[in-house]
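Here the structure comes first, spelled out in structure tokens, and everything after it is commentary.
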């Protein structure tokens, strides 16, 4: 049975906020706050003063800890206020708790932002956590949908729910049958059925795949995506690992790069691939058939976070790098030829899944990339190598910025863009993503500060000359 939508009226919300902000709360404040949560979250509260203290501490801790990582509202990644937290807790119509990030302006978040956002939810005091999250899920009848996906003949119940999302909530939902069997699914809001289409595409190609289903809620019109949980090992962990780069991963990276190119799949960074049972699985498939996808390929490769960037592991061994480069694009072209041989099947799938979303245009996108595979592969190879050349310099400038942030953090923090990149690229393979789109001279500022605080100008000049020589050598492989 679906849960009813619950929201606080404005006057009650203002009074709740006042009670939690008052410096010296009285018994009436304790009882008012507890009464709201007993009614809206449906939990019994035996000790109002204790509950009040725990709740207030939890909310203030989130506000205080997130604050130093936030920026001004004008910049586009804001701090949280008490009203933001209370709205998520008490409004079942707010499915996800998101970073207050302005979209489309090159504003990046860091893993520290993710963990603070996520951990606030996952460490809510018992019994708040399940009573907050489950009604948000049941507003869309998630249990019944999971039951239909796995064709369970018996009722299911929630075991636990936690937030595993990055910039916004994505829920790892573990359910249990009457016999005690557990299964875990990922539940998120998603407007289009792109991931369901893509996982079925993998099935048609006989590639490793997983269950993903897309539903549109009839009452709200919201799209909901439910998919198999694939574990917690992303491609980022594999990239950071010191272990060998297995042959199967080399092959599947090139295959998925080609598939992503043919279908215009964007946002293919390392955290949007999971590794399970020695296979690569694409997740969070939000962008398909993007007209400027090849441009975005180059932007991501220049930032060091796409399939092709795994070849950086071989960069210091020129002969091996050249061999791996050739293998990558041989597999890339072979994959496109495989797709071309199934063009009729792919057309039928596109017209089935996107019958109300301009399927003819989408198939034309695919057909254009499969009509002259040799030319398309050669163009992609050239674009990938040029972007890789940019990545070599980006990595260098990123390292300078990371050293500056450790050496003179107060100076870096005075520049919000430098602080953003210092946080976003910390302990990650990414390097200054979308730096070319900023109007301020980010690279020049990093180098100027490096000369002041880290190194002699002659050393910077020598380093850049070495990188330029490496770039020219790499471009001979086009």
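The values are calculated or read from the model by the stated rules, or taken from the named source; none is laboratory data. Just so you know, these numbers come straight off a predicted model, no measurement behind them. Glycine also receives a Cβ, built like all others from the backbone with ideal geometry; neighbour counts cover every protein chain displayed.
Side notes on the structure shown:
- Residue 404 being crowded, with 19+ Cβ neighbours inside 10 Å and more than 29 Å from residue 292 (Cβ to Cβ): yes
- Assessment of segment 312-319 against the conditions (at pLDDT below 95, part of a helix (DSSP H, G or I) and either out of contact with any helix residue (DSSP H, G or I) (no Cβ under 9 Å at 6 or more places or on another chain) or crowded, with 19+ Cβ neighbours inside 10 Å (or both)) yields at least one matching residue.
Residues are listed down the side, and each one gets a yes or a no for (1) over 25 Å from the mean Cα position of the chain (by Cα); (2) surrounded by fewer than 19 Cβ atoms within 10 Å (Cβ to Cβ); (3) in a loop (DSSP other than H, G, I, E, B); (4) modelled with pLDDT under 95:
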site: 340; (1), (2), (3), (4): yes, yes, no, no
site: 351; (1), (2), (3), (4): yes, yes, no, no
site: 374; (1), (2), (3), (4): yes, yes, no, no
site: 381; (1), (2), (3), (4): yes, no, no, no
site: 384; (1), (2), (3), (4): no, no, no, no
site: 388; (1), (2), (3), (4): no, no, no, no
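- Residue check for residue 192: surrounded by fewer than 21 Cβ atoms within 10 Å (Cβ to Cβ) and at pLDDT 95 or above: no
- Test: residue 148 is in contact with a strand residue (DSSP E or B) (Cβ under 9 Å, 6 or more places away or on another chain), part of a helix (DSSP H, G or I) and modelled with pLDDT under 95: yes
- Counting the residues of segment 282-309 that are on the phi > 0 side of the Ramachandran plot and either modelled with pLDDT under 95 or surrounded by fewer than 23 Cβ atoms within 10 Å (Cβ to Cβ) (or both) gives 2.
- The condition of being in the same structural domain as residue 448 (by TED's automatic domain parsing) and farther than 24 Å from residue 442 by Cβ holds for only one of 386, 372, that being 372.
- Remark: pairs (first residue in segment 86-108, in a strand (DSSP E or B); second residue surrounded by 19 or more Cβ atoms within 10 Å (Cβ to Cβ); Cβ separation under 8 Å; 6+ apart in sequence or on different chains) = 101/77.
- Selection count where residues are in contact with a helix residue (DSSP H, G or I) (Cβ under 9 Å, 6 or more places away or on another chain) and assigned to a helix (DSSP H, G or I), scope segment 433-451: 11
- Considering residues of segment 37-46 that are surrounded by fewer than 19 Cβ atoms within 10 Å (Cβ to Cβ) and under 35 Å from the mean Cα position of the chain (by Cα) only, the residue nearest to residue 86 (Cα to Cα): 41
- Restricting segment 221-249 to residues that are over 19 Å from the mean Cα position of the chain (by Cα) and surrounded by 14 or more Cβ atoms within 10 Å (Cβ to Cβ), the residue that is farthest from residue 366 (Cα to Cα): 245
- Residue count, segment 417-464 (criterion: more than 27 Å from residue 309 (Cβ to Cβ) and in contact with a strand residue (DSSP E or B) (Cβ under 9 Å, 6 or more places away or on another chain)): 0
- With respect to the conditions (1) under 24 Å from residue 310 (Cα atoms); (2) part of a helix (DSSP H, G or I); (3) touching a helix residue (DSSP H, G or I) at 6+ places or on another chain (Cβ under 9 Å), residue 368 lacks only one, and its number is (1).
- Whether a residue is closer than 30 Å to residue 34 by Cα and either modelled with pLDDT under 95 or part of a loop (DSSP other than H, G, I, E, B) (or both) was assessed, and residue 119 does not pass this test.
- Selection of segment 452-462 for residues being assigned to a helix (DSSP H, G or I) and surrounded by fewer than 16 Cβ atoms within 10 Å (Cβ to Cβ) yields 452, 453, 457, 458, 459, 461, 462.
- Residues of segment 237-264 satisfying the condition of being assigned to a helix (DSSP H, G or I) and farther than 24 Å from residue 290 by Cα: 237, 238, 239, 240, 247, 248, 249, 250, 251
- Residue, farthest from residue 214 (Cα to Cα), within segment 260-283, restricted to residues that are touching a residue at least 60 places away in the same chain (Cβ under 8 Å) and in contact with a strand residue (DSSP E or B) (Cβ under 8 Å, 6 or more places away or on another chain): 270
- Qualifying residue in segment 123-133 (condition: modelled with pLDDT under 95, surrounded by fewer than 17 Cβ atoms within 10 Å (Cβ to Cβ) and more than 23 Å from residue 175 (Cβ to Cβ)): yes
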